[in-house]
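Read-outs: derived from the displayed coordinates by stated rules, not from any lab. These numbers come from a predicted model, not from an experiment. In this analysis, Cβ positions are derived from the backbone assuming ideal geometry, glycine residues included, and neighbour counts consider all displayed protein chains.
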Amino acid sequence: MTKHAIVLLFTLLVTAHADTLILRNGGTVTGTWLGADADQITFLVDNQPRTYSRSEVQKVTFGAESAS
């Protein structure tokens with residue numbers, strides 16, 4: 001298997017099992033759940049940890065769950 005095919009396969013697998021934040025403003029963020037505390041949710045987006053206020057987030061879906 002070529003390097004290009006391996007990268008493509010890995011990208012498809014990561015995307016298929018990605019978690020999704022549904023924001024109250026209607027936006028969505030796709031990434032990987034890192035954790036949460038009383039005030040914020042931490043998500044890995046484009047290999048960077050990002051925090052979102054819980055008040056901004058309407059819903060979180062994990063892996064293969066539908067975001068609808």
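See the values below:
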quantity: Cut-off 17 Å, label 7 Å out along Cα→Cβ of R24, residues of the stretch 40-58 by amide N; calculated: 40-42, 51-58
quantity: Net length gained if the chain between T32 and T51 were fully extended (0.36 nm per residue, minus Cα distance); calculated: 5.7 nm
